[in-house]
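For reference, the structure discussed in these notes is given below.
No value in this document is a laboratory result; all are computed from the given coordinates. Model, not experiment: these values are computed from the prediction. Because the Cβ atoms are built from the backbone with ideal geometry, glycine has one as well, and the counts that use them run over all protein chains shown.
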Amino acid sequence: MREHRLFWREFRENFTTTGAFLPSGKALSRALARFVRNEKTGLRVLEVGPGTGSVTRQIVARLPATATLDLVEANPAFADWLRQRQQDDPRLAALGDRMTVHNCYVQELAVGGKYDVIVSGLPLNNFAPDVVRSILTTLTSHLAPGGTLSFFEYIAVRRLRAIVSGSQQRRRLREIGEAIDNVLAGHEIARDRVLQNAPPAWVHHVRFSDSVDKPHSGDAG
Ligand SMILES: C[S@@+](CC[C@H](N)C(=O)[O-])C[C@H]1O[C@@H](n2cnc3c(N)ncnc32)[C@H](O)[C@@H]1O
């Protein structure tokens, strides 16, 4: 209940960045965590926009014993919540210093090394196109060669919003769609349709074989 109350409060106070009035359900969280697998020693996992930790709990349930998990959360109230859970939730406490909470925008994240798996819970359709392009470029630039990026969008949300929006909003949504398509093109290795979520969502999984392969922010829009 406390978790839902915090989420609702942040939805009202920070609508654009929070993007949802409830934490993601189990089905969506599981789909986002799908590529956290025991494939190599020292797997590095990054979760972007963990909120109150719905997806984090699914990642942690799959996290190999030698893996590390970095969480990047822009909202200080959510970052504090997660740090508290590191103390009192046995599943998170068990990770010790293998889990780190960074309270900053992902575009400002300064860490050494690349990640094998990146899971993003960011509400991309809420942002300006240049912010979306910059976020997608940031995410792909943090990805190790052969690593996987998983992110979601609510099904048909751009189409539905465009119907009730003016021309400026329609243009914004079209540019976001182009930026997302640019990342998906030729790189999407799997897609999950999650109907048991309110609202239903697509989860996209993309993989880039090397850094040359990655799209740049200027490519889209
Ligand atoms: C839709 S909520 C998802 C929360 C959680 N992953 C879930 O599924 O319940 C989006 C989260 O992304 C965070 N966020 C938004 N923009 C961000 C950014 N640029 N960098 C890091 N976190 C961001 C918000 O504060 C919020 O916690």
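Restrict the check to the stretch 143-151 and report whether at least one residue is in contact (Cβ under 8 Å) with a residue 60 or more places away in the chain, loosely packed, with under 15 Cβ neighbours inside 10 Å and more than 18 Å from Val36 (Cα to Cα). Looking for residues that are in contact (Cβ under 8 Å) with a residue 60 or more places away in the chain, loosely packed, with under 15 Cβ neighbours inside 10 Å and more than 18 Å from Val36 (Cα to Cα), one finds none in the stretch 143-151, hence no. The set of residues from the stretch 41-67 being buried (at least 19 other Cβ atoms within 10 Å of the Cβ) and either part of a strand (DSSP E or B) or away from the ligand (no atom under 11 Å from the Cβ) (or both) comprises Leu43, Arg44, Val45, Leu46, Glu47, Val48, Val60, Leu63, Ala67. Which of the residues belonging to the stretch 136-163 are under 26 Å from Leu43 (Cα atoms) and assigned to a helix (DSSP H, G or I)? Of everything in the stretch 136-163, those that are under 26 Å from Leu43 (Cα atoms) and assigned to a helix (DSSP H, G or I) turn out to be Leu136, Thr137, Thr138, Leu139, Thr140, Ser141. The set of residues from the stretch 100-124 being over 23 Å from Gln87 (Cα atoms), out of contact with any helix residue (DSSP H, G or I) (no Cβ under 7 Å at 6 or more places or on another chain) and more than 9 Å from the ligand (Cβ to nearest atom) comprises Ala110, Val111, Gly112, Gly113, Lys114, Tyr115, Asp116, Val117.
The condition (being within 15 Å of the ligand (Cβ to nearest atom) and more than 16 Å from the chain's Cα centre (by Cα)) is satisfied by just one residue among Asp80, Asp88, Asp70: Asp80.
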